[in-house]
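Contents: one structure, followed by commentary.
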Amino acid sequence: MSDYYDAFEMSPVPAPGPDAVPPEPFRGIYGMPAFVTIPTDDPAASVDFWVRGLGFFELFGIPGRVVHLRRWAFQDVLLVPAAGVPEQAPALSVSFACLLSQIDSLVEDCRAVRPDSVDGPRDTPWNTRDVVVTTPENARIVLTAAKPFDPAGEEARNLAAVGITPPDGGRRDHGSHA
């Protein structure tokens, strides 16, 4: 892992820390480098959950065809009509970055809309705090927040064990999202 370099300026995700501020919802139109398409049999309920629970907004919709939701730049979801949805969430998940300061309110918001929709939060060995959310479409969404990087901490040792070390000796507070 010696060929990587700090490219945080490309991401809307701020470096983790007590002063981190989430970016504003991004309303620009761009060529999407990646997005998720999720079938729903109840578009109104799906949009309500994604907006009130997960903090997305409706960028635009084409009635009966697609609802384009977004949060930050590069966090795009397309809801498309379907005759039904899976009876249970698949093992596959999609993750969206958030900040540590947002985890508790996202959990509360999701539970306010769908009480049994949240599992966690849990801390990971790669320096994040994750919450798994099951949406009305039975999509498995992981909200993941990088924790401030502690060069002397267990997570730093876990990352170093697989060859990931901070390029500046850990002086900057970038978490683990490379």
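The values are calculated or read from the model by the stated rules, or taken from the named source; none is laboratory data. These numbers were taken from a predicted model, which means no experiment stands behind them. Reconstructed Cβ throughout: ideal geometry from the backbone, glycine too, with neighbour counts over all protein chains shown. Protein only, heavy atoms only, side chains kept; ligands, DNA and RNA dropped before computing areas. Shrake-Rupley method; radii C 1.70, N 1.55, O 1.52, S 1.80 Å.
For the reader, a short list of remarks on this structure follows.
- Calculated accessible area for the chain comes out at 56 Å² per residue, all protein chains present (probe 1.4 Å; ligands, DNA, RNA ignored).
- Amide H within-cut-off set for F96, under 5 Å, with H built and near neighbours excluded: V142, L143, T144
- Dipole magnitude of the stretch 1-133 about its Cα centre (Cβ charges: Lys, Arg +1; Asp, Glu -1), debye to nearest 20: 300
- Here the Debye sum runs over all C-alpha atoms of the stretch 117-167 as equal scatterers in vacuum, and log10 of I(q)/I(0) at q = 0.26 Å⁻¹ comes out as -0.91.
- Extended-chain gain in nm, criterion 0.36 nm per residue less alpha-carbon gap, A7 and A160: 53.2 nm
- Carbon plus sulfur fraction of accessible area for the chain, probe 1.4 Å, in percent: 56
- 3J(HN,Hα) couplings calculated from phi for the stretch 11-23 with the Karplus curve 6.51 cos²θ - 1.76 cosθ + 1.60 (θ = phi - 60°) are, in sequence order, 9, x, 6, x, 4, x, x, x, 9, 5, 10, x, x Hz; Gly and Pro show x.
- Pairs of alpha carbons in the chain separated by more than 24 Å make up 41% of all such pairs.
- Helix 100-113 and the long axis of the chain differ in direction by around 20°, with both axes built from C-alpha atoms.
- For the stretch 1-100, applying the loop criterion from DSSP together with a ceiling of 11 other beta carbons within 10 Å to the trypsin sites (Lys or Arg not before Pro) yields R27, R65.
- Computed over the chain with a Gaussian network model linking Cα atoms closer than 10 Å, the most mobile of P166, P33, P148 is P33.
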